[in-house]
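Okay, structure first, notes after.
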Amino acid sequence: MKALFWTAVCLIALATTAALADEISLFGSASRGMAGAGIARITNPSADMYLNPAAVAYVRGVKFGLGNLNLDTEGATLRQINDTVKIGQKGVVDLNEAARIVRTFGEKEKVQAVFSADIGLVFNGLAVTAGAVGDFRLYPNEPLRRWVTGASNDLTGAQGDIYGIVAFSLPDVTAGTRLSAGNEQSELAIGARVRFLRVFYTHYFADQGDLSGGDAGSRAVELGTEDYLDKTGFGVDVGLIWKPNRDVPITYALVVENLIEPNIEFPFTAPNTNQVSGAVTTTVKPLRRAVHAGIAMEGALGVVYAADWVDITNSTGKGELRFGAEKRLGGGLAVRAGYGTKNGWAVGGEIFGINIAVAQRFPLQVSRSITF
């Protein structure tokens, strides 16, 4: 009866809050309901290791399953993205659909969809997993927005640019261990994750001719005659979790994402660039080094509090302070809340192993950042 009561309370609270939310997450990671905070949290090590590889040192036994499943959208709902954007074989948008997609979302200044997922085997301080993270973006320019909204009947100068980057890690190998840190009461967990990566990049655009001529778009100049560019490499994440006193429920954490940066770069042209030979002006490096720090503690009534400083040097442009709290209720239930200085509030919970969260805007998860 107690479990049923708290289930009803969680569902009612989430349904009420969802009316004010811009984004909803189902089956995502627990950190979603805490505004992305939690790199020092080890409540569920087999899931927490996706944020901080040092957490794998606390896994005991064998676990297999899906973790870190997240899908976020900005400028469009998940249903609109699903109904409109068809992902091709290499994880990027089909060229034959580019103009149709641009027309559909042309009234927006920016549309973005980001997904990540990991699946694999975790056992006694070692994990072998496979994962993916993808970032789809659409940038309509002002003449296009005016045409789509009916403010103008003139397509002259109209253009929308579609970018897609998808990184597959096949596999990730994560290992960790715990050490005494100076005295019998102090403990340090160290972990590292090696990623073997294959990354795809594409950039299509639709201009006046494409928009008036059908559904297909055109390849950006950096693609040449290819539909996508494809590169391989590897990267290494490292993490630390320090317990100054095993008897005191407080932990400190440090994560260096891409300590060894993947040697993966692509040529890049900015949105609304005149697509002519020689237009490439820069490159994009989608997987960059970023440093994150955090603290977690268990307070009164068993509430776990977490605070993270994400991207301390702002090397990926995502620097933010995040604060979150979690209360586990027993019976597979939990409630969570958080706030990020850049992305706003989030609330969530867990119902029989399923994580649910709503937020103003979900942040990109630590250890799964794509930058361009």
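In this structure, is Gly191 at pLDDT below 90, of a type in the set (Gly, Ala, Ser) and touching a helix residue (DSSP H, G or I) at 6+ places or on another chain (Cβ under 9 Å)? No; evaluated as a whole, the condition is false for this residue. Thr177 - would you say it is surrounded by fewer than 15 Cβ atoms within 10 Å (Cβ to Cβ), hydroxyl-bearing (Ser, Thr, Tyr), part of a strand (DSSP E or B) and at pLDDT 85 or above? It is true that Thr177 is surrounded by fewer than 15 Cβ atoms within 10 Å (Cβ to Cβ), hydroxyl-bearing (Ser, Thr, Tyr), part of a strand (DSSP E or B) and at pLDDT 85 or above.
Determine whether Val347 is of a type in the set (A, V, I, L, M), more than 21 Å from Asp118 (Cβ to Cβ), buried (at least 21 other Cβ atoms within 10 Å of the Cβ) and at pLDDT 90 or above. Can you show your working first?
Numbers: of a type in the set (A, V, I, L, M): yes; more than 21 Å from Asp118 (Cβ to Cβ): yes; buried (at least 21 other Cβ atoms within 10 Å of the Cβ): yes; at pLDDT 90 or above: yes.
In short, yes.
Can you tell me which residues in region 302-351 are outside any strand (DSSP E or B), under 30 Å from Phe372 (Cβ atoms) and not hydrophobic (A, V, I, L, M, F, W, C)?
Taking region 302-351 first, the residues outside any strand (DSSP E or B) are 302, 311-319, 331-332, 341-343.
When the remaining residues are screened for being under 30 Å from Phe372 (Cβ atoms), the result is 311-319, 341-343.
Within region 302-351, Asp311, Thr313, Asn314, Ser315, Thr316, Gly317, Lys318, Gly319, Thr341, Lys342, Asn343 meet the criteria.
Taking first residues from region 235-260 that are within 12 Å of Leu287 (Cα to Cα) and partners that are aromatic (Phe, Trp, Tyr) and assigned to a strand (DSSP E or B), the Cβ contacts under 8 Å between residues at least 6 apart in sequence or on separate chains come to Ile260/Phe234.
Can you find, within region 222-240, the residue that is nearest to the chain's Cα centre (by Cα) among those that are assigned to a loop (DSSP other than H, G, I, E, B) and of a type outside the set (Asp, Glu)? Even if it seems obvious, please write down each step before you answer.
Residues of region 222-240 that are assigned to a loop (DSSP other than H, G, I, E, B), as a first pass: 224-228.
If we keep only those that are of a type outside the set (Asp, Glu) too, we end up with 224-225, 228.
Working: Gly224: 29, Thr225: 31, Tyr228: 22 Å.
The selected residue is Tyr228.
Condition check for Asp172 on (1) buried (at least 19 other Cβ atoms within 10 Å of the Cβ); (2) not in a strand (DSSP E or B): one failure, at (2).
Among the residues of region 99-114, those that are part of a strand (DSSP E or B) and buried (at least 19 other Cβ atoms within 10 Å of the Cβ) comprise Val111, Ala113, Val114. Checking each residue in region 139-150 for being touching a Lys or Arg at 6+ places or on another chain (Cβ under 8 Å) and either surrounded by fewer than 19 Cβ atoms within 10 Å (Cβ to Cβ) or in contact (Cβ under 8 Å) with a residue 60 or more places away in the chain (or both) picks out Tyr139, Arg145.
The values are calculated or read from the model by the stated rules, or taken from the named source; none is laboratory data. Predicted model, so just to flag it, every value in this text is computed and none were measured. No Cβ is skipped: glycine too gets one built from the backbone with ideal geometry, and neighbour counts run over all protein chains shown.
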